[in-house]
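Working notes, structure below.
Throughout, read-outs are computed from the coordinates displayed, never taken from laboratory work. The shown structure was predicted, so the numbers you read here are calculated from the model rather than taken from an experiment. Every residue, glycine as well, gets a Cβ built from its backbone with ideal geometry; the counts of neighbours run over all protein chains shown.
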Amino acid sequence: MGTAAVVTPLSGALLDRFRAKPILITGNLASALGYAAFAFVDRPWQAFVCSAVGGAGFGVASTANQVLTLTLVSAEHRASSIAPAAQNVFLCRGSVDVFRWSSQRCWSP
């Protein structure tokens with residue numbers, strides 16, 4: 001996910017220059033290639049490269065997906081189309097809070 005965070009601003013610049021659909025396809029292919037290559041990993045550096053390629057593809061594809069969603073969905077349906085992404089953010093936040101609560105409760109004297 002660190003690679004995705006680095007690549008996301010660069011993919012925004014690509015989306016300003018090119019259409020979103022080919023960038024989404026390219027990002028998904030790069031992500032699939034990176035994660036499929038894990039089956040052939042023999043050394044740690046190869047796993048790092050696979051993770052970097054897969055994460056970069058994920059970052060590009062997720063940015064293009066958001067642009068396509070906002071472009072193709074009508075204005076009155078945009079909130080419901082973006083809501084699942086926001087829900088995932090809050091689920092992640094909630095799991096972090098639960099982990100923090102349980103670790104404080106289990107490990108504090």
- Query: Sorted by mean Cβ packing within 10 Å, highest first, what order do the peptides 22-31, 39-48, 55-64 take?
  - Reply: 55-64, 22-31, 39-48
- State, to one decimal in nm, how far the label point of Gln46 lies from the label point of Leu33, with both points 7 Å from Cα in the Cβ direction. 1.7
- Note on the structure: Per the rule of 0.36 nm per residue minus the C-alpha distance, extending Leu72 to Ala5 adds in nm 21.7 nm
- The base-10 log of I(q)/I(0) that the Debye equation returns for segment 2-72 at q = 0.17, 0.21, 0.26 Å⁻¹, one scatterer per C-alpha, is -0.57, -0.78, -1.03
